[in-house]
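The values are calculated or read from the model by the stated rules, or taken from the named source; none is laboratory data. It should be emphasised that the depicted structure is a prediction, and the values quoted were computed from it without experimental measurement. So basically every Cβ, Gly included, is an ideal-geometry build from the backbone, and we count neighbours across all protein chains shown. Areas reflect the complete protein model, heavy atoms only, side chains present, ligands, DNA and RNA absent. Shrake-Rupley method; radii C 1.70, N 1.55, O 1.52, S 1.80 Å.
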Amino acid sequence: MSYDYLIVGAGVFGSTFARLATDAGKRCLVIDKRPHVAGNCYTENQHGINVHVFGPHIFHCNDENIWNFVNRFAKFNNFRNSPIAFHGGKAYSLPFSMYTFNQMWGVLTPEEAQAKIESQRLKLDREPANLEEQALILVGPDIYETLIRDYTRKQWQKDPKDLPASIIKRLPVRLTWDNNYFNDKYQGIPIGGYTALFQNMLDGIDVELSVDYLADIDHWNAKAKQVVFTGKIDEYYGFRFGELEYRSLRFDTEVIETSNYQGNAVINYTEANVPWTRIIEHKHFENDLKTPVSVVTKEIPDTWSRNKTPYYPIGDARNMAIFKQYEALAEAESNLIFGGRLAEYQYYDMHQVIGSAIAKIRKIQQ
Ligand code: UDP
């Protein structure tokens, strides 16, 4: 056994864990079934533009340690996410701010906006039971029906009544003219792309790509004292308690002969009859990038099946009950650590995955 840790997956959890363990003097081997590092954060330079191949990734966090950690491997630009939503031939600002309330109702002051929301929002004397109730409590039916209901149905292929309230709490609701999608103190995109960031994070660490751990577990396990698994937890356990559901995505990417296609990095399409949820124009993630062409991606939600790429865990009651059974097995393991969006079955953002890896390492070191 030449390694302390075999780390399965070169995405956010695996790469962070590998870096921190290596810094602490451990020997790590990172493997991944894909031909590249960075997991779904992977970016690829096309026509001078860093293309977010598996969907837009905007780094944001409040934790200084996490921010300092990622800044060891890349400089970040000052990108702020201010998506626009198109609906019925009109454009609305996201997240829900004075801009949105003005576009929706013509109101000009926080007091008017508050009164408008109060006059129509759902009032409950219990906690909201699902996404629809949560949205109606926060912003009322006008905004729910225009900007949330059909986008959510497309994205999750479920009725918002069958989805957890927590999903919509990701979006701020503000009575200020502030259209920054995130509340966090630290925000930005790594200059030079995410792939370079991960390559730097893994600098000096052994990495083997295009190899399938689950197809040859004994071979790989023999290489290290402990295993860190960042893939799908249900697959690891042979689906014995049933399959966890995810949302998959299709990306339809085109090079367009224009220097500016849509004038913003992210435009959401919140109408039911448009098949994509959003169009990403990658060049706008970088500061004032001048290129004669633009790379544009339509993000189209896709039904889940085992052989597709998982993007979003579905945290409804049925799936969580299955996950709890797998989690109990995972907790009883002695030489095996599970971490990340797939192994923890959590709708984590990048910084939360890094936080989870830092916490796991700390626990081991205690
Ligand atoms: N959402 C919505 N309308 C929008 C954008 C988001 O209803 O225009 C809802 C939708 O349910 C989505 C959730 O908010 O799944 C979280 O959106 P976010 O932008 O955080 O998702 P991500 O970028 O992770 O896909």
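Worth pointing out:
- Residue in the range 286-322 that is most open to solvent (accessible area, probe 1.4 Å), counting only those that are under 25 Å from VAL274 (Cβ atoms) and small (Gly, Ala, Ser): SER305
- Qualifying residue in the range 170-188 (condition: closer than 28 Å to ALA317 by Cα and not in a loop (DSSP other than H, G, I, E, B)): yes
- Subset tally (residues that are within 12 Å of the ligand (Cβ to nearest atom), open to solvent by 30 Å² or more (accessible area, probe 1.4 Å) and more than 18 Å from MET98 (Cβ to Cβ)) for the range 120-153: 5
- Within the range 206-220, the set of residues being buried (at least 18 other Cβ atoms within 10 Å of the Cβ) and within 30 Å of LYS75 (Cα to Cα) comprises VAL207 only.
- Of the residues making up the range 92-119, those that are open to solvent by 30 Å² or more (accessible area, probe 1.4 Å), touching a residue at least 40 places away in the same chain (Cβ under 8 Å) and within 16 Å of the ligand (Cβ to nearest atom) are TYR99, MET104.
- Residue within the range 260-278 that is part of a strand (DSSP E or B), modelled with pLDDT of 95 or more and open to solvent by 20 Å² or more (accessible area, probe 1.4 Å) present: yes
- Pair list, Cβ < 7 Å and 6+ apart or interchain, from the range 147-164 residues that are within 16 Å of PRO95 (Cα to Cα) to residues that are near the ligand (Cβ under 10 Å from one of its atoms) and part of a helix (DSSP H, G or I): ILE148/ALA135; ILE148/ILE168; ARG149/PRO160; THR152/LEU131; THR152/PRO160
- Considering only residues in the range 155-191 that are under 17 Å from ASN102 (Cβ atoms) and open to solvent by less than 30 Å² (accessible area, probe 1.4 Å), the one that is nearest to the ligand (Cβ to nearest atom) turns out to be PRO172.
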